[in-house]
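To keep things clear, I will list the structure first and then write my remarks on it.
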Amino acid sequence: GQGGVSQSLGPKTKYEFGTGTYYSNFGPQPIYEVKAPMVLESARVYIGTSGTIDFYVTDMNTGELVSFSSSTIAATRSQQNIVAPPNQITDDASDQGVVVNLNLEFPKAGKYSITQVCRNGASIYRSNRTKTDLANAPTNIGFPYNSPDNIISLTGALYQGSVIYSGYYYFYDMKFKSMGCASERVAAPVIESISPTLKLTQGGTKSICPGAETINLGVNSNQVISYQWQKN
């Protein structure tokens, strides 16, 4: 099993790419492949206008909705619009974003997509450029993004039935953990113990008639221990 696995995935910030925009109804859905049950605990997002954003995890093999969370988030864009306009909002180069708790579950090994739905005026940021656009960003867009042990992979985004690689959508510096992880480790003292030395003693003769006689057995030890007699 993968109990105790906890790790980061994806670029730390939007500044690893070139520019991008904020919008209220981006369609692409990031695609994740996991080799064990995982939870997307949190991620950094950049919010153009305040509101509520719903996130849905869908099993791409079955079409089943397997996890959902909703966050009401204040705008992180300093040049704030009061409400999201019908068109995309220009990038704010000073926006530092905010870490949101997501707790989105990927309940078994497989392939999943995440849909976001902005409500109540919210808009969210995505980095926008193609793989070959080296002029507008310092590094290649980088798909697939893999965890260090390759348990999790962000492979692209699903858009109108096809996988696209021409933008990076929504989640930066993602934190994953294994589903059903044990609680955080607690230091436990180690006590070294010397194996006891036992000396058995016998009272009386060594040969007896079954059912008619008894022999008393005793034990001496170099430690204070308790013991139990077992037949055979």
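The values are calculated or read from the model by the stated rules, or taken from the named source; none is laboratory data. Worth saying up front: this structure is predicted, and the values here are computed from it rather than measured. So basically every Cβ, Gly included, is an ideal-geometry build from the backbone, and we count neighbours across all protein chains shown.
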Inset, instruction - May I ask you to verify whether residue 83 is over 14 Å from the mean Cα position of the chain (by Cα) and modelled with pLDDT under 95? - result: yes
Legend entry - Residues of the range 42-59 satisfying the condition of being crowded, with 16+ Cβ neighbours inside 10 Å and within 22 Å of the chain's Cα centre (by Cα): 42, 43, 44, 45, 46, 53, 55, 56, 57, 58, 59
Legend entry - Failed item in (1) more than 20 Å from the chain's Cα centre (by Cα); (2) farther than 20 Å from residue 167 by Cα; (3) of a type in the set (Gly, Ala, Ser), with residue 69 passing the rest: (1)
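For (1) under 30 Å from residue 145 (Cβ atoms); (2) at pLDDT 75 or above, each residue gets a yes or a no:
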{"residue": "177", "(1), (2)": "yes, yes"}
{"residue": "182", "(1), (2)": "yes, no"}
{"residue": "187", "(1), (2)": "no, no"}
{"residue": "194", "(1), (2)": "no, no"}
{"residue": "205", "(1), (2)": "no, no"}
{"residue": "222", "(1), (2)": "no, no"}
{"residue": "226", "(1), (2)": "no, no"}
Inset, instruction - For residue 115, state whether it is loosely packed, with under 13 Cβ neighbours inside 10 Å, outside any loop (DSSP other than H, G, I, E, B) and either touching an Asp or Glu at 6+ places or on another chain (Cβ under 7 Å) or touching a residue at least 24 places away in the same chain (Cβ under 8 Å) (or both). - result: no
Legend entry - Test: residue in the range 153-167 that is on the phi > 0 side of the Ramachandran plot and without any contact (Cβ under 8 Å) to a residue 12 or more places away in the chain: yes
